[in-house]
Amino acid sequence: MPHSLEITALPVLDLAQLDGTAAQRQAFLEGLRQAARDVGFFYLSGHGIDHRLLRRVQQQARELFALPEADKAAVGMIHSPHFRGYTRAASEITRNQPDLREQFDLGAEREALPLDAQSPPWARLQGPNQWPPQLPALKPLLLEWQQAMTRMSLRLLRGFAQALSLPEQAFDPLYGERPNEHIKLIRYPGHVPGQSNQGVGAHKDSGFLSFVLQDQQAGLQVEVEEGRWIDAPPREHTLVVNIGELLELATHGYLRATVHRVLSPPAGRERLSIAFFLGAQLDARVPLYPLPAALRQAARGPASDPDNPLFREVGWNYLKGRLRSHPDVARRFYPDALVPKALGA
């Protein structure tokens, strides 16, 4: 395996090889296992998502962010107990600093769960999205893309299971019929001299798998070793994939959740990212999977932040991240949940 000093660019993996010849399949699984352990990030080609669909999603995102501020505010996240909707720039917090990005969050389009006094606070996370009426094509398009991404990402997750010598369907019980799908449409405006260039601060993703569709503007960086960052520039017809902390935890730290960030574009330019996050069902509890001895020996061990510890309970872990990132929504809809367990203190 390469030493981190030798890693200067993200590897590229072709998902189509998973359905190729035996040799192609084996090469893909070996590449996946190495990339996931050594870097935790890679470009994915051959993912099967129609490029025309991806371009339409990007165009609709641009039209969304071009709406008047009043129209965007009307579907603001502050109106949603499910943390869905629009957030203006510098409203989301990472590492106690505001991120210079405006965004639109949505999840699976489901009815809110019935609640009673015994319902855990995270049960409020499920519910409908907010949709701007000025863009009637946005809802069917994003839900179409969400479904396509879920199918593809579950296929890749089965590849991860095989790469770790687990049964192909080892991770399936965590998802069942209601995976916790999360989409972010993100616009990073250019920053002026003297202004912070924190598009999004250094962090790890908390879930299982993350996918990013980039436009032509660079900005994503990956910390391959402490203090050394490499660029992940846009690469045509690929998605950038990275591993979340819960998958790292479930595999004893063999799969690596890697710190990453986005630097704001220079003045006069902007960056558009479309992110998809695959998470387990909110009521799931993440097990520790039995890896072969050789893989257990090579595992680094999960590196949870002591100031932001992980919970194996999926709902609590996801809620904790939402409360930290969106304190205004937390104060409005979750005053009873602002306790040490929910905040990771």
Classify region 108-266 from the C-alpha gyration tensor, please: rounded if a/c falls under 1.5, else prolate or oblate depending on whether a/b exceeds b/c. oblate
Rounded to the nearest Å, what's the spacing between the alpha carbon centres of region 128-195 and region 246-283? Just the number, please. 11
The set of residues whose placed amide H lies less than 5 Å from the amide H of Glu270, leaving out same-chain residues fewer than 5 positions away, is none
For Gln281, the residues 5 or more places away or on another chain with a placed amide H closer than 5 Å to its own amide H are Tyr175, Asn180
For a test of understanding, tell me how many lysine pairs in region 4-343 have Cα atoms under 23 Å apart, given they are 8 or more places apart or on different chains. 8
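Values in this text are rule-based calculations from the coordinates and carry no lab data. On a predicted model such as this, the values are computed, not experimentally measured, just so you know.
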